[in-house]
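The values are calculated or read from the model by the stated rules, or taken from the named source; none is laboratory data. Quick caveat, the model's predicted, so the values are computed rather than measured. Cβ placement follows ideal geometry from the backbone for every residue including glycine, while neighbour counts extend to all protein chains displayed. When the accessible area is computed, the model is the full protein with side chains, heavy atoms only, and any ligands, DNA or RNA have been set aside. Shrake-Rupley method; radii C 1.70, N 1.55, O 1.52, S 1.80 Å.
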Amino acid sequence: MKIAKIETDYIQIPLARPFKTALRTVESVHDLVVRITADTGEVGYGEAPPTAVITGDTLGSIRCAIEEFIAPSLMGMDVEDLDGIMAKLHSCILKNTSAKAAVDMAVYDLYAKQLGRPLYKVLGGRRNSLETDLTISVNPVEEMVADSLDAVAQGYRILKVKVGKEGLADVGRLEAIRQAVGPDIALRVDANQGWTAKQAVRIIRAMEDKGLDIDLVEQPVPAHDFAGMQLVTGAVSTPILADESVFSLEDAIELIRGRAADLINIKLMKTGGIYNALKICAVAESYGVECMIGCMLESKLAVSAAAHLAAAKGVITRADLDGPGLCSIDPYIGGPDYCAGRIVMPEAPGIGITGVPAFGQG
């Protein structure tokens with residue numbers, strides 16, 4: 001099975017409500033979709049969102065990277081030659097991790113289809129279902145409480161609360177949400193780089209003093225402040241999750257060896273796809289460090305690829321794959337089943353998605 005054609009198109013899906021973090025506000029998923037067609041006629045799909053504030057990638061840069069650099073480099077290669085394909089994918093252009101991720105997942109989709117097996121089983125097959133959290137955007141406290149109660153009513157048992165804009169006032173947000181949802185709902189906190197190290201220590205300790213029972217705090221300080229991450233991790237009891245600080249295997253190794261985080265958040269858009277994410281999983285497992293699998297503002301297509309990776313690997317103990325839950329509609333055919341925080345993996349070959357409206361197949 002050889003790569004015969006690589007095509008791109010756009011997809012836009014409205015969100016159920018605006019997505020707000022310390023970095024941005026978004027009202028719809030507007031992503032680039034990739035379709036790789038093999039000489040056998042089989043197709044594989046991938047997706048990449050423009051997340052310029054994190055990855056530096058825009059819709060235009062993603063499409064340009066794929067059409068002008070990646071596609072010409074991979075044309076005619078045998079899908080079975082994963083190592084060869086990935087070597088060319090990551091050497092034909094620097095950075096552009098989102099573009100590489102979209103192509104990477106389409107290649108893995110084809111690879112698993114050639115084997116006639118679902119991707120999660122090809123990658124390890126640790127389990128056939130996952131539980132994900134749902135993100136609660138930054139808003140006035142009353143709105144965040146209402147959104148949290150709505151999520152719990154839908155069946156979600158884990159909430160990820162966005163903070164990072166108002167310092168110690170964020171403690172009040174979490175206290176109000178905890179009082180509203182009760183003690184049995186897991187609360188995660190994502191500051192999206194919104195605090196300094198000293199602020200983070202003060203805020204997290206205040207949460208601990210109030211007994212808010214926070215499951216983890218994600219990326220409390222700016223991405224490149226590894227010393228700040230180390231300071232926060234060593235000064236608080238709440239587990240610290242590194243997200244924007246970890247793009248590469250080298251980042252993960254530096255953070256782990258420096259004890260600058262308790263957990264690593266793997267996102268395909270940061271690593272450049274499944275191939276490099278597997279390397280981070282292997283290193284984290286060797287050090288006894290657990291991982292979370294996360295996503296940007298991606299639709300069901302890209303999130304499903306990440307779900308297959310999470311279902312395959314035991315070192316991935318947490319999931320933040322709420323993209324489909326944030327979208328107002330599901331335009332795809334096939335793939336994992338997403339229902340109230342539960343993700344059930346498909347038994348169809350590859351990623352499992354067979355209809356993609358960007359290519360007139362929805």
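Things worth noting here:
- Every Cα-Cα pair of the range 1-74 was included, and the share exceeding 20 Å stands at 40 percent.
- Of the residues 256, 246, 199, the one whose Cα sits farthest towards the positive end of the charge dipole of the range 167-276 is 199 (charges of +1 on Lys and Arg Cβ, -1 on Asp and Glu Cβ, taken about the Cα centre).
- Against the chain, whose longest principal axis comes from its Cα atoms, helix 197-209 is set at around 70 degrees.
- Fraction of accessible area attributable to carbon and sulfur, the chain (%, probe 1.4 Å): 50 percent
- Average accessible area per residue (Å²) across the chain - probe 1.4 Å, nucleic acids and ligands excluded: 37 Å²
- Our summary gives the range 49-130 a relative contact order of 28 percent, counting only alpha carbon pairs under 8 angstrom and 6 or more residues apart.
- The range 1-159, relative contact order in percent, only Cα pairs under 8 angstrom and at least six apart counted: 22 percent
- If you model the range 114-178 as an ellipsoid using its alpha carbon gyration tensor, with each semi-axis the square root of five times an eigenvalue, the axes come out at 36, 13, 9 Å, biggest first.
- Cleavage-rule hits (trypsin sites (Lys or Arg not before Pro)) in the range 21-73: DSSP loop, at most 15 neighbouring Cβ within 10 angstrom: 24
- Average Cα contact separation per residue, the chain, under 8 Å, 6 or more apart, as relative contact order %: 20 percent
- Within the chain, percent of DSSP bridges classed antiparallel, to nearest 5: 55 percent
- Placing +1 on the Cβ of every Lys and Arg and -1 on the Cβ of every Asp and Glu, with nothing else charged, gives the range 254-298 a dipole about its Cα centre of roughly 140 debye.
- Cα shape, the range 113-231, gyration tensor, a/c 1.5 rule: oblate
- With both labels modelled 7 Å from their Cα along Cα-to-Cβ, the residue 16 to residue 37 distance reads 3.6 nm.
- With N the number of residues in the range 23-130, Rg(Cα) / (2.2 N^0.38 Å) evaluates to 1.14.
- Dipole of the range 207-362 [Lys/Arg +1, Asp/Glu -1 at C-beta], most positive-end residue of 323, 228, 301: 301
- The angle between the Cα long axis of helix 226-235 and the main principal axis of the chain comes to about 50°, on a 0 to 90 degree scale.
- Shape category assigned to the range 73-173 from the gyration tensor of Cα positions, a/c cut at 1.5: oblate
- Dipole in debye (nearest 20) - the chain, about Cα centre, beta carbon charges: Lys, Arg +1; Asp, Glu -1: 320 debye
- Where labels lie 7 Å past Cα in the beta-carbon direction, separation of residue 153 and residue 227 in nm: 4.9 nm
- Equivalent-ellipsoid semi-axes of the range 217-346, from the Cα gyration tensor, Å, largest first: 27, 15, 12
- Theoretical ellipticity at 222 nm over the chain - DSSP helices of four or more residues, -39500 (n - 2.57) apiece, nearest 500: -11000 deg cm²/dmol
- 30 Å Cα-Cα threshold exceeded, pairs from 210/313; 198/300; 165/267; 20/270; 100/165; 88/121: 210/313; 198/300; 100/165
- Gaussian network model of the chain, springs between alpha carbon atoms under 10 Å - residue of 61, 299, 245 with greatest fluctuation: 61
- Centroid-to-centroid separation of the range 15-50 and the range 134-174 [C-alpha atoms, Å]: 25 Å
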